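Structure first, commentary second.
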Amino acid sequence: MTVITEIEDLRRIYKRRVPKMFYDYAETGSWTQQTFRENTTDFAKIRLRQRIAKDMAGRSTRCRMLGEEWAMPVALAPVGLCGMQHADGEIKAARAAEKFGVPFTLSTMSICSIEDVAEHTEKPFWFQVYTLKDDDFMRRLIARAKDAKCSAIVITVDLQVMGQRHKDLKNGLSAPPKPTPAAILDVMTKWRWALGMAQTKRRFFGNIVGHAKGVSNAASLSSWTAEAFDQSLDWERIKELRDMWDGPVILKGILDAEDAKQALNVGADAIVVSNHGGRQLDGALSSIRALPSIMDAVGDKMEVHFDSGIRSGQDVLKARALGATGTMIGRAFVYGLGAMGEEGVTKALEVIHKELDTSMALCGKRDINDVDRDILLVPEDFEGRWA
Ligand code: GLV
């Protein structure tokens, strides 16, 4: 049995255990995957300042995000199809998050429904919505989130049209998978996954199937997005969506300082700097490169969270040191989920927490709330000079 010491260990196990179609769905970026790659390689360009003879005893990574206290500045990002990565995946991930003390965000494109996750967890979770054309469906979805006692809404603002991920088209991605000869052969080698799936009834998009009208193929992500997503979205509409929810609203998918200012204008409580894990506009800046200019624009006026590229606690520390209130992990927890269900998500959180805590200590800090830009060595040209 592999001793799991890093997120990469979980990814390797995940790859062996989950059908290729779902592994590829999570692990791919759009088109050439340049942005997907740079999300992680740009993190590595930032170095940490080692300090010594600082009191490192009694450390804490506890912090506040959206008015609540959490175990560390990390939330589970909304990720579609978690229930295809592992049977009942969203419930498993939500449970791991609540036990660890970090927020869980349920995706609209989840397999387990909002009600189902609420029924199987104790604490409120965050709920993610897309910007859809069907106003009635949006209102009902948001009302369902309210009934389920969700504590915040995350509106994804960077997916009016879907970025093309070649592998999803080649694999014929759907939930549940279609029984093509290739899919059957693949599943035969993934017996753990198949056993779990045989034992659960949760195999369809639980928030959509039976709830959204006029959706001809709810099993296929690409056809649902093409039919249902509001391509004419503007800030007016974002404000309307913002006003549908009377609690905290987070706009996720901001990569430009001008958009960050607009988000502030429409009354968002927080934004998430994100390029959707490199899954939308290939060729866009990595998220970590975009963060400093957005912090300069709105950092003192609203919570700025960070997403895309986090694979370690050191990445969390770097984003936090650049000013992010919190970070979101997507793939890092999905690897754990696919590898070993709830236990795997807990493992992913433990790995990240340990890396965060130890790195913070070696930078001479013992409280995450005292971490600032001073612990970093950032290349002078990090943000780039673009014409
Ligand atoms: C959906 O948001 C996706 O990135 O697949």
Ala321 is checked against (1) farther than 29 Å from Ala87 by Cα; (2) touching a Ser or Thr at 6+ places or on another chain (Cβ under 9 Å); (3) buried (at least 22 other Cβ atoms within 10 Å of the Cβ) and fails just one. What number does that condition carry?
(2)
Only one of (1) under 27 Å from Leu362 (Cα atoms); (2) surrounded by fewer than 23 Cβ atoms within 10 Å (Cβ to Cβ) fails for Met72. Which number is that?
(2)
List the number of the failed condition for Thr131; all other conditions in (1) within 16 Å of the ligand (Cβ to nearest atom); (2) at pLDDT 95 or above hold.
(2)
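When you scan segment 255-264, do you find a residue that is among the acidic types (Asp, Glu) and within 16 Å of Phe306 (Cα to Cα), even just one?
Yes, because at least one residue in segment 255-264 is among the acidic types (Asp, Glu) and within 16 Å of Phe306 (Cα to Cα).
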Total residues in segment 78-93, condition touching a Gly at 6+ places or on another chain (Cβ under 7 Å), in contact (Cβ under 8 Å) with a residue 60 or more places away in the chain and within 16 Å of the ligand (Cβ to nearest atom)
5
In segment 164-185, anything buried (at least 18 other Cβ atoms within 10 Å of the Cβ) and away from the ligand (no atom under 16 Å from the Cβ) is listed as Ala183
Suppose we filter segment 278-296 for residues that are assigned to a helix (DSSP H, G or I) and either over 21 Å from Phe43 (Cα atoms) or within 16 Å of the ligand (Cβ to nearest atom) (or both); how many remain?
2
Of the listed residues (Val117, Val157, Val161), the one being under 24 Å from Met65 (Cα atoms), within 16 Å of the ligand (Cβ to nearest atom) and among the hydrophobic types (A, V, I, L, M, F, W, C) is Val157
Residue hits (segment 291-307; touching a residue at least 60 places away in the same chain (Cβ under 8 Å) and small (Gly, Ala, Ser)) are Ser293
Could you check segment 39-78 and list, in sequence order, the residues that are farther than 16 Å from Val378 by Cα and under 18 Å from the mean Cα position of the chain (by Cα)?
Met65, Leu66, Trp70, Ala71, Met72, Pro73, Val74, Ala75, Leu76, Ala77, Pro78
So which of Thr40, Thr61, Thr32 ends up being over 27 Å from Ala87 (Cα atoms), buried (at least 19 other Cβ atoms within 10 Å of the Cβ) and either modelled with pLDDT of 95 or more or not acidic (Asp, Glu) (or both)?
Thr61
Filter the helices (runs of 4 or more DSSP H) completely within segment 146-241 down to those with at least 3 residues that are of a type outside the set (Gly, Ala, Ser) and at pLDDT 90 or above.
166-171, 181-188, 191-198
Taking the options Ile288, Ile238, name whichever one is in contact (Cβ under 8 Å) with a residue 40 or more places away in the chain and either small (Gly, Ala, Ser) or surrounded by fewer than 24 Cβ atoms within 10 Å (Cβ to Cβ) (or both).
Ile238
Every residue in segment 242-277 that is assigned to a loop (DSSP other than H, G, I, E, B) and either away from the ligand (no atom under 16 Å from the Cβ) or more than 21 Å from Gly80 (Cβ to Cβ) (or both), please.
Met244, Trp245, Asp246, Gly247, Pro248, Asp256, Val266, Gly267, Ala268, Asp269
Hits in segment 297-313 (condition: acidic (Asp, Glu) and outside any loop (DSSP other than H, G, I, E, B))
Glu303, Asp307
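The values are calculated or read from the model by the stated rules, or taken from the named source; none is laboratory data. Everything numeric in this text was worked out from a predicted model, so none of it was measured. Positions of Cβ are generated from backbone atoms using ideal geometry, with glycine treated the same way; all protein chains shown enter the neighbour counts.
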